[in-house]
Amino acid sequence: MRPSRREAAPYAAPAFEEIPAPEDCGCAGCAGAARSTCHPDAHGRTAVRAALVTAVAGCTFASGAGGAFAADPARPAPPPPTRPVTAPPSDDATGQPDAGNAQGAPGPLFGAPTLRAAQDMRLSREQIIARARTWVDARVPYDMNRYWSDGYRQDCSGLVSMAWGLKDNQWTGSLAAYGTRIGKSELQPGDILLFHNAANPVAGSHVVIFGGWANGERTRYVAYEQTRPHAITRTTPYAYWKNSSGYVAYRYKNLTSQPAQPGQDTKAFPGADKFGPGADNRHVTELGRMLVKRGAGAYYTSGPGPRWSEADHKATRAFQRAQGWTGADADGIPGRTTWDYLVHGKGKDISPPPGDSGPGQDDEGRPGFPGAGHFRPGQVNDHVLKLGRQLVRKGFGRHYAIGPSTSWGEADRRNVAEFQRAQGWTGTDADGYPGEHTWRRLFG
């Protein structure tokens, strides 16, 4: 087994130990290997080298024989053969996380052949963060001997391999070959901070994904990382809790801008025929999202969707009436002018519908969304301050030079935009102006 198929790998891979042969594998390869290369240990069991077991397992999956699993992101993959490792040091008395998580060696994605990529992906920053977020949301357990259903190993370097879309599982000793070294001032979401202890890889080696600065002084940042007990995102001191001086920043070599999707230009009015009873298309979803940003959240019980509903009709009519329009100009079906107002943020926002007591709290105890009109240039209110404080708590306050205030400003907008992009949102969904979905996610 080779530690890496890349000639540029800057570090030597760890040695492989002998491991127990899988007892439940009945393939011809394992059976032949057991007869020809195995020897009994002190307990009467047989052992083969890890490289042989890995090769045999790979042949089993490639042949389509038993052992392949379905790619279900809600469940971990079946465990591969394990190997003994040096136990990492425990947390110190400060209670801060320890970066000495043991890690697995380089190798192909684990599982069915369909999981194996032909080449490393080309990804945007937003896509990298969105991919990392999937492990955080799924609370993928830390385990260097197990692989998640996407084929990536459940340790720190496995998370980066997955987020960067690498075709193989890498480790801290090889990840640098997939990036370009950068300085602290150049860090942006999707970059990584890597520490590899070449002398003793299990003593402190670790890697995290940079998610954005958490304060104006750039002494703290949002980190996405795979650590015990599971994948998390948290505000972290620069460069890390331990071994800070040894961390080096890298940018993914295959970084690209967000690819444009055909037909996704929402600025041009798609035509009135795209709306109304029976309509079912992406323009209805986009309309709903824009309306929610302008204060129509109370009209939707399950969020905007592609199928036209009475909620879309009422929300559109409420927005039209908020502009002072009447008659055919406020019939609840968006025309060119209504669309232009929504796309470019013109006009007035929607007032709470009759019987709505205002923000208050939702059913889960979160503060209710006060309306998009409170978050516009020139606005001064307590909702802006509440928003800013929550952004700081979540680690998205780096654009504040002093701190949040009651006055809406460009720092608020830029912090909101970074939070929205961290959710994997793009375009008008990440314009820096909070709508109901942003508010719910931020306070969730």
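The values are calculated or read from the model by the stated rules, or taken from the named source; none is laboratory data. Not measured: the values here are computed from a predicted model. We place every Cβ from the backbone using ideal geometry, glycine too, and count neighbours over all the protein chains shown. Only protein heavy atoms, including side chains, enter the accessible area calculation; ligands, DNA and RNA are left aside. Shrake-Rupley method; radii C 1.70, N 1.55, O 1.52, S 1.80 Å.
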So ASP331 and ALA138, fully extended at 0.36 nm per residue minus their Cα-Cα distance, gain in nm 65.1 nm
For the stretch 387-402, in residue order, the Karplus 3J(HN,Hα) values (coefficients 6.51, -1.76, 1.60; θ = phi - 60°; whole Hz; Gly and Pro = x) are 4, x, 5, 5, 4, 5, 4, 7, x, 10, x, 5, 8, 7, 6, 10
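Beyond 26 Å between alpha-carbons counts as too far, so tell me which of LYS314/LYS346; LYS314/LYS348; LYS314/LYS394; LYS253/LYS394; LYS348/LYS394; LYS184/LYS386 fall in that bin.
Result: LYS314/LYS394; LYS253/LYS394; LYS348/LYS394; LYS184/LYS386 exceed 26 Å.
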Here the gain from full extension of ARG234 to ARG307, 0.36 nm per residue of separation minus their alpha-carbon distance, amounts to 22.6 nm
Which residues qualify? For ALA249, with a placed amide H closer than 5 Å and at least 5 residues away or on another chain, they are ILE182, LEU194
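From the alpha carbon gyration tensor of the stretch 312-351, can you work out the equivalent ellipsoid semi-axes (sqrt of 5 times each eigenvalue) and give them in Å, largest to smallest?
Result for the stretch 312-351: semi-axes of 13, 11, 9 Å.
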Carbon and sulfur atoms account, in whole percent of the 1.4 Å probe accessible area of the stretch 166-219, for 47 percent
Subtracting the Cα-Cα distance of THR180 and LYS346 from 0.36 nm times their residue separation yields 55.5 nm
For ALA401, placing the label point 7 angstrom along Cα-to-beta-carbon and taking the stretch 203-231, residues whose amide nitrogen sits under 20 Å are 213-220
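When every alpha-carbon pair in the stretch 110-265 is counted, what percent end up more than 25 Å apart?
More than 25 Å apart: 26 percent of the Cα pairs in the stretch 110-265.
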